[in-house]
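Participant: Quick one: the structure is below, and I'll ask about it shortly.
The values are calculated or read from the model by the stated rules, or taken from the named source; none is laboratory data. Just so it is clear, the model here is predicted, and its values are computed rather than measured. Positions of Cβ are generated from backbone atoms using ideal geometry, with glycine treated the same way; all protein chains shown enter the neighbour counts. In case anyone asks, the SASA skips ligands and DNA or RNA and just uses the protein heavy atoms, side chains included. Shrake-Rupley method; radii C 1.70, N 1.55, O 1.52, S 1.80 Å.
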Amino acid sequence: FMRFFHPQAGALIDWTHPPEFLPTELGQISIDARKGRRFADQLVKARLLEGGELSVAVHIEVQGSRDPEFGARMSTYWWRSRERFGLPVLSIAILADDDPKFRPSQHVDQFLGHGTVTTFHAVKLLDYRDRIEQLLRDPNPFGLAVVAHLRSHETRRDAGRRFRFKRELVLLLYERGYRREQFQPLIRVLDWLLRMPRTL
């Protein structure tokens with residue numbers, strides 16, 4: 001994920017130390033439950049190459065629709081994660097919606113020139129639409145996941161075409177020779193993104 005969506009940050013992480021998945025449903029991170037689902041999608045502690053024991057909390061959020069409060073929510077997660085775990089926080093937003101104009105990457109909270117600006121790394125999946133062939137050749141499995149997401153948007157009303165796209169991606173997984181433990185999670189992702197009518 002890091003090498004595909006944020007290679008600059010991925011190059012700073014010491015991958016010889018397994019990342020640690022942190023709890024995201026804690027009250028210190030979540031916002032008032034009465035406002036609906038309000039917890040970080042994924043929070044991971046990773047060790048950095050430079051700095052010995054220094055680690056960073058990587059916060060990953062997937063947003064599937066336009067939300068005017070998204071930037072504020074990302075800011076809340078950043079501050080609460082920083083406070084809860086006492087680590088530098090790198091926030092990554094995957095914007096999976098279909099509105100090309102929705103591109104939040106910061107939240108400004110100021111009054112009379114005083115306050116804070118919270119920035120985050122935002123990836124717009126729509127921007128990959130013209131790179132389908134390149135993604136299909138990319139050895140990183142997140143390339144295929146992005147293709148599946150884009151194909152799901154294209155085929156909302158065309159189950160036959162969706163079937164052909166899904167078959168193409170499954171055959172690509174077989175051709176790459178993934179081991180069973182690698183193959184099964186990828187198939188689950190394709191099944192989730194490219195849902196088929198029962199008859200197909």
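Participant: All other residues with a Cβ under 13 Å from the Cβ of residue 167 taken together, and with Lys, Arg as +1 and Asp, Glu as -1, what is their net charge?
Facilitator: Cβ neighbours under 13 Å give a net charge of +2.
Participant: Relative to the longest principal axis of the chain, what angle (0 to 90°, nearest 10) does the C-alpha long axis of helix 70-85 take?
Facilitator: Long axis of 70-85 versus the principal axis of the chain: about 60 degrees.
Participant: So, with +1 on the Cβ of K and R and -1 on the Cβ of D and E, and no other charges, what is the size of the charge dipole of the chain about its Cα centre, to the nearest 20 debye? Before the final figure, lay out the partial values.
Facilitator: Working: 32 positive and 25 negative charges, 177 e Å.
The dipole magnitude comes to about 840 debye.
Participant: While we're here: Identify, among 9, 118, 21, the residue whose Cα sits farthest towards the positive end of the charge dipole of the chain, taking +1 on the Cβ of Lys and Arg and -1 on the Cβ of Asp and Glu, with the dipole about the Cα centre.
Facilitator: Of the listed residues, the answer is 21.
Participant: Which distance in Å, rounded to a whole number, links the C-alpha centroids of region 93-109 and region 154-200?
Facilitator: Going from one Cα centre to the other spans 27 Å.
Participant: How much area per residue is accessible in region 119-200 when the probe is 1.4 Å and only protein heavy atoms are counted (Å²)?
Facilitator: 66 Å²
Participant: Only four residue types carry charge here, +1 at the Cβ of Lys and Arg and -1 at the Cβ of Asp and Glu. Report the dipole size of region 87-181 about the Cα centre in Debye, rounded to the nearest 20.
Facilitator: 500 debye
Participant: Binning at 10 angstrom from zero up to the longest distance, how are the C-alpha pair distances of the chain distributed in percent?
Facilitator: That works out to 8, 29, 34, 23, 6, 1, 0, in percent per bin.
Participant: Right, here's the next one. So what's the angle, to the nearest 10 degrees on a 0 to 90 scale, between helix 159-175 and the longest Cα principal axis of the chain?
Facilitator: Relative to the chain, helix 159-175 is tipped by roughly 80 degrees.
Participant: Leaving out ligands, DNA and RNA, what percent of the accessible area of the chain is carbon and sulfur, probe 1.4 Å?
Facilitator: Looking at the chain in its full context, I get 52 percent from C and S.
Participant: Taking +1 at the Cβ of each Lys and Arg and -1 at the Cβ of each Asp and Glu, which of 170, 105, 141 sits farthest along the dipole of region 105-200 towards its positive end, judged by Cα position relative to the Cα centre?
Facilitator: 170
Participant: Check cross-link reach from residue 45 to the aspartates and glutamates: straight Cα distance under 18 Å, and skip same-chain residues fewer than eight apart.
Facilitator: 14, 20, 25, 53, 61, 83
Participant: For region 62-103, what is the charge dipole size about the Cα centre, in debye to the nearest 20, if Lys and Arg each add +1 at the Cβ and Asp and Glu each add -1 at the Cβ? Kindly include the intermediate steps, with their values, before the conclusion.
Facilitator: Working: 7 positive and 6 negative charges, 45 e Å.
The calculation lands at about 220 debye.
Participant: Okay, next question. Counting helices only, and only those DSSP H runs with n ≥ 4, report the 222 nm mean residue ellipticity of the chain as the sum of -39,500 (n - 2.57) divided by its residues, in deg cm²/dmol to the nearest 500.
Facilitator: -11500 deg cm²/dmol
Participant: What FRET efficiency comes out for residue 45 versus residue 184 if R0 is 22 angstrom and r is the Cβ-Cβ distance? Round to the nearest 0.05.
Facilitator: 0.25
Participant: What percent antiparallel are the DSSP beta bridges of the chain, to the nearest 5?
Facilitator: Of all bridge pairs located within the chain, approximately 60 percent are antiparallel.
Participant: Helix 141-154 sits at what angle to the longest principal axis of the chain, using alpha carbons and giving 0 to 90 degrees rounded to 10?
Facilitator: 70 degrees
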